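Taking it in order: structure first as structure tokens, then the write-up.
The values are calculated or read from the model by the stated rules, or taken from the named source; none is laboratory data. Since we're looking at a predicted model, the values are computed, not measured. Virtual Cβ from ideal backbone geometry, glycine too; neighbours counted across all protein chains shown. We work out accessible area using only protein heavy atoms, side chains counted, and drop any ligands, DNA or RNA first. Shrake-Rupley method; radii C 1.70, N 1.55, O 1.52, S 1.80 Å.
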Amino acid sequence: MENARIRMFLKTIAHESSTLRLLRDNPERIKQRFSLSDGELEALKSADLLQAGELAGDGGNPGRRTRSAMPGRVALEALDASGTGTIVPPTTRPPSTTKPPSTTKPPCEPSGSVWVARFPTSTSIADLLPAFRAEVDRFIAALRAAGAHVVISATYRPPERAYLMHYSFVIARQGQDPSTVPAMAGVNICWLHEDSQGNPDVPASRTAAEQMVVGYGIVHLPALISRHTQRRAIDMTITWQGNLVITDGNGQQVTITSTPRTGAGNSDLWRVGATYGVIKLQSDPPHWSDDGH
């Protein structure tokens, strides 16, 4: 029996409650009446017709609202096209080959000296805030005019570098647990190292952090937010020979005969710097800012 014929047969008997009951109660009579093979009879019995018949209206209850006993699309499509009455699984869509967006975080890179060169600190006066930049320009010009040697080591420090400097120091020198360091967007660093078995290796983590501290040349705990990250500070090494005769910010000539002959330790030079609005942080040898912090 062809599939089209089976469909037609199903549509015919689905609305005949007497035929449905006969299929349920005496399938052999259905087989003889419609000259069905054993396979075709089993196919009909497997097409959900019996359940559909029970849902359909019963002649003994004419006032009851009925539901269509028409077999569902899945039941119809389950009949094999060869006419053997074999039930085959419904056709399913092939699995999608489109991969969903990955939500896996990329592997982080272990801490260590390799990070020191990243997110470099600027040494350009042009990266300072305009008002402070003007003051620094005037002070350095006066120093060089007086014969002093000035080497700038830092002006603006990116927040990412401040983060790396701060946490390398607290891990290496202050004993912070590397697993507790908060992440920072754009800095995919692993502060906590692992051994060859994948277990946490705190000693290796501290060693790597110490490499970073040495590489940065850190002396004091770096702040996460500082005058450097705010473009309001400059680190510079100032030296001279003999007496330093310099013009201060008020236009007055000052002769410095005291020692040491360095910007890090000479309080007479600090006072000259203050007249330019460049204030020395005494506890940090190269550090000057707009407010002494």
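Rank 140, 164, 181 by how far each Cα sits towards the positive end of the charge dipole of region 110-268 (+1 on Lys, Arg Cβ; -1 on Asp, Glu Cβ) and give me just the farthest. Highest projection toward the positive end goes to 140. Element breakdown for region 196-293 at a 1.4 angstrom probe: carbon and sulfur atoms account for 50% of the accessible area. Applying the Karplus relation 6.51 cos²θ - 1.76 cosθ + 1.60 with θ = phi - 60° to region 149-154 yields 3J(HN,Hα) values of 9, 10, 10, 8, 10, 6 Hz, where x marks Gly and Pro.
Ligands, DNA and RNA aside, residue 169 has an accessible area near 20 Å² when probed at 1.4 Å. Put a plus charge on the Cβ of each Lys and Arg, a minus charge on the Cβ of each Asp and Glu, and nothing anywhere else: the dipole of region 192-292 about its Cα centre is then about 440 debye.
For region 131-229, what is the accessible area per residue in Å², given a 1.4 Å probe and the full set of protein chains? Walk me through the intermediate numbers first.
Details: 4780 Å² over 99 residues.
Here the residues of region 131-229 average 48 Å² of exposed surface.
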